[in-house]
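The values are calculated or read from the model by the stated rules, or taken from the named source; none is laboratory data. Keep in mind the model is a prediction, meaning the values are calculated, not measured. Heads up, the Cβs are rebuilt from the backbone with ideal geometry, glycines too, and the neighbour counts pull from every protein chain shown.
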Amino acid sequence: MTKVSLTVNGTALSAEVEPRTHLADLLRETHNLTGTHIGCEHGVCGACTLLVDGVPIRSCITFAVACENAKVTTIEGLDEDEIARELRAAFTSHHALQCGYCTPGMIVSARDIVLRMEAPTEHDIRVAMSGNLCRCTGYVGIVRAIQSVLSYRRARGVLAVPGGGRELLGPAGSGRAGETRAAGAAAMTSTSVRVAPRAIAASVAARVEADWKPQVEFRQSFVIAYPVDEVWAFFSRVEDVAECLPGASLDGGEKDGVVNGKMRVKVGPITAEFNGVAQITRDEAAHRGAIVGSGRDTRSNSATRGIVGYSVKPDESGAGSRVDIDVGYTLTGLLAQFGRSGLVQDIASRLTAAFAQNLEARLSVRNGGGRTPPSAPELNAGSLITAVLLGKLRRFFRRFLGRS
């Protein structure tokens, strides 16, 4: 269990939660704020929309622990809000609600439009509200209600607030950990040392946000039939390592421990390209290293940040070298729905096997064995997921038939 502290509707609240607990579940089950509705639980329908640090977010796919020290405003906290009050009246007069299940999320999203958009067209409003689904109204009344509030406020001389008052960069709720306040102003604190997952690179310095905790952590290991020094030397060549990793490519080489690159991922009809930057640090004597990085895909509006710790040591069986890799990461946005830890670990096992195979092939070439293999192909998570699920089904039927 992890303790998380939030300011919810102006009141400081805290609770002990599991790291996988979503913000919507925390608010509903722990603090009885049931105005936040849960619909699809995949971040698609928008019924769970609320404000984190003033920004609308999907609380069904936002981990509570990722919002440490954030300011959360639910529909209950908008009772006295001027824009929300005007929207409630407009929704009533324009028949913009029927069953009402989607309405809390609709009000939160509509409030953001009124707050930050000066003179949106009907098309602009429909696009901005496209993340909130309603199965009753047909949206005509909703759009008209928003238009009426916009017209009323602009006629009174109330101008839009550029950016909706957003002050923090990055995903809503991020960057708040380690925040301290002095003289009424927020000051972000940072640290220059972060221990890699499971302490595999405890002596490696890496610049990341203070107290950042990954949503998912796991370890992968493999043995390769080459001596430690040779394998470690290969890991020091970042370009060679990237060619072994499916979907990875670099924009230039490493400079002062920093490298820019991208990772292409295909999940069914979705093709994402995470562009980002990573800092690499190494402990040459201990044969340990760490990679800390972050990236964003603009098309799916998904973002990730993570840390990878790795070490190379002699295999106990004498077969060569053992490589241990510890991964910790956080994934937000559309692709977060594919981030279930159990599924991720199954996929990671397959990726690790592919990486080890590519690594061994390149080391073989360096020792005079064959031609240099091509770069690893694009990461197709969809096919990996299908293979994993089929494998689970086969194992289930084997156990079932075995018992029969």
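Quick notes on this one:
- Residue list for the stretch 102-130, filter: under 18 Å from H37 (Cα atoms) and among the hydroxyl-bearing types (S, T, Y): T103, S109, S130
- Selected residue [on the phi < 0 side of the Ramachandran plot, of a type outside the set (S, T, N, Q) and in contact with a Gly (Cβ under 6 Å, 6 or more places away or on another chain)] from P104, P120, P162: P104
- Residue in the stretch 264-282 that is buried (at least 18 other Cβ atoms within 10 Å of the Cβ), at pLDDT 85 or above, closer than 20 Å to R362 by Cβ and in contact with a strand residue (DSSP E or B) (Cβ under 8 Å, 6 or more places away or on another chain) present: yes
- P19 surrounded by 20 or more Cβ atoms within 10 Å (Cβ to Cβ), within 20 Å of the chain's Cα centre (by Cα) and in contact (Cβ under 8 Å) with a residue 24 or more places away in the chain: no
- Restricting the stretch 45-97 to residues that are among the charged types (D, E, K, R) and within 14 Å of N9 (Cα to Cα), the residue that is surrounded by the most Cβ atoms within 10 Å (Cβ to Cβ): D53
- Among the residues of the stretch 283-310, those that are touching a Gly at 6+ places or on another chain (Cβ under 8 Å), at pLDDT 75 or above and either outside any strand (DSSP E or B) or farther than 22 Å from A66 by Cβ (or both) comprise D283, R288, G289, Y310.
- Considered as a group, the residues in the stretch 59-102 that are in contact (Cβ under 8 Å) with a residue 40 or more places away in the chain and of a type in the set (D, E, K, R) include one that is nearest to R154 (Cα to Cα), and that residue is E86.
- Within the stretch 34-44, being touching a residue at least 24 places away in the same chain (Cβ under 8 Å) and more than 22 Å from T332 (Cβ to Cβ) holds for one residue alone: G35.
- Test set (1) at pLDDT 85 or above; (2) assigned to a strand (DSSP E or B); (3) under 24 Å from R366 (Cα atoms); (4) out of contact with any Phe, Trp or Tyr (no Cβ under 6 Å at 6 or more places or on another chain) - S249 fails condition number: (1)
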